[in-house]
Amino acid sequence: MIRYRWITNPVTVFIFSLAAIGTSLWLYIHSYLQVSDAFNDFVRKRNLDPSPLLQTETWVMILIVSILVALIVIGVVVIFIYYQKVIQLYRMQQNFINGFTHELKTPIASLRLFLDTFSKHKLDEESQKKYLNYMIRDTERLSDNVNQILNLARIEDKKYEPVWETGTIKTFIQQWLDKTSYWREDADVFIKECEEGPFIVKYDVNLIPLVFMNLVNNALIHNNSSRPKVEITLKKQGKMILVSFKDNGIGITRAEEKKVFRKFYQVRKAGKGSGIGLYLVQTVMKFHKGHVKLYSEGVGTGTTFILSFPSADIEDGQDR
């Protein structure tokens, strides 16, 4: 039974449909011309005066039928393309559900383990503090994952209420690095020495941390090195402030440079992550009237993501 499944495959049905329509059109035109020729022979044999309109009507009819068939073919093609996109979207959503479930399951399993340890063993104060720090780290990770989904949905529905601040983005990044801790044991994330500021920008205090988090997580997920590393640099270019996140990960091919910002897209079907991280980064940067782009020399060379923020007036900014 399995060997005959190709018959019901959408591509097979689509090809057979086009072939059937084309064959029907050819048979109709062929039979119509035969009838027309037979009618003309009858007129000549009877020495009748054929109306010039008959020939005109013949080709007008053929033209109308051809247009109608062409419209049918176009409709079939559009339906087929739409169907393929729906199938692709369904698969991407399934990948997102699987990836996001994994992102939630890992910290939940970790929390359960620590809670079981607390309930079954009597721990000294130092061990308690250590395990409590681990639990705080996991709750931060859970909170970040949930917040990015909620905020993305609000932005797409145009229901998000921003909390704007104007200040030095370098100081904000450093404060965020000091506060965020759940990857410190596994990676090095730091601000590299860069040109002097001030780097004054207007940013939303809830959305921008999600951008930083996703860029760092992306560097950790797509990384085969013994110690993942992310270098953050800042510089001013005209009226824009550029914040670069350079990692030592697996890199990316040119064919996938634009695809990675699509919703639910995963690089080379890695099966890691939720598939919405970089889409959220692009969405948030557009919300800030900025943009994001990436640069990579290819597989194995790492990736650099460059965030571009409009520079704010210095007199309007407050150093944080």
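The values are calculated or read from the model by the stated rules, or taken from the named source; none is laboratory data. Because the structure is a prediction, the values reported are computed rather than measured. No Cβ is skipped: glycine too gets one built from the backbone with ideal geometry, and neighbour counts run over all protein chains shown.
Structure values in brief
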| item | result |
| --- | --- |
| Filter result for residue 250 (out of contact with any Phe, Trp or Tyr (no Cβ under 9 Å at 6 or more places or on another chain) and under 12 Å from residue 170 (Cα atoms)) | no |
| Complete set of residues in segment 183-234 that are over 26 Å from residue 286 (Cβ atoms), touching a Gly at 6+ places or on another chain (Cβ under 8 Å) and at pLDDT 85 or above | 228 |
| Residue ID - surrounded by the most Cβ atoms within 10 Å (Cβ to Cβ), chosen from residues in segment 60-101 that are among the polar types (S, T, N, Q) and at pLDDT below 70 | 95 |
| Test: residue in segment 182-189 that is aromatic (Phe, Trp, Tyr), surrounded by fewer than 17 Cβ atoms within 10 Å (Cβ to Cβ), in the same structural domain as residue 246 (by TED's automatic domain parsing) and not in a helix (DSSP H, G or I) | no |
| Hey, residue 245 at pLDDT 85 or above and either of a type in the set (A, V, I, L, M, F, W, C) or touching an Asp or Glu at 6+ places or on another chain (Cβ under 6 Å) (or both) or not | yes |
| Residue match in segment 161-175 (condition: assigned to a loop (DSSP other than H, G, I, E, B), modelled with pLDDT of 85 or more, of a type outside the set (Val, Ile, Thr) and within 26 Å of the chain's Cα centre (by Cα)) | yes |
| Residue satisfying condition, being farther than 21 Å from residue 262 by Cβ, touching a Ser or Thr at 6+ places or on another chain (Cβ under 8 Å) and not aliphatic (A, V, I, L, M), within set 172, 199, 190 | 199 |
| Subset of segment 149-177 [closer than 11 Å to residue 206 by Cα and of a type in the set (A, V, I, L, M)] | 163 |
| Filter pass, residue 122 being closer than 24 Å to residue 220 by Cα, of a type outside the set (Asp, Glu) and either in a helix (DSSP H, G or I) or at pLDDT below 85 (or both) | no |
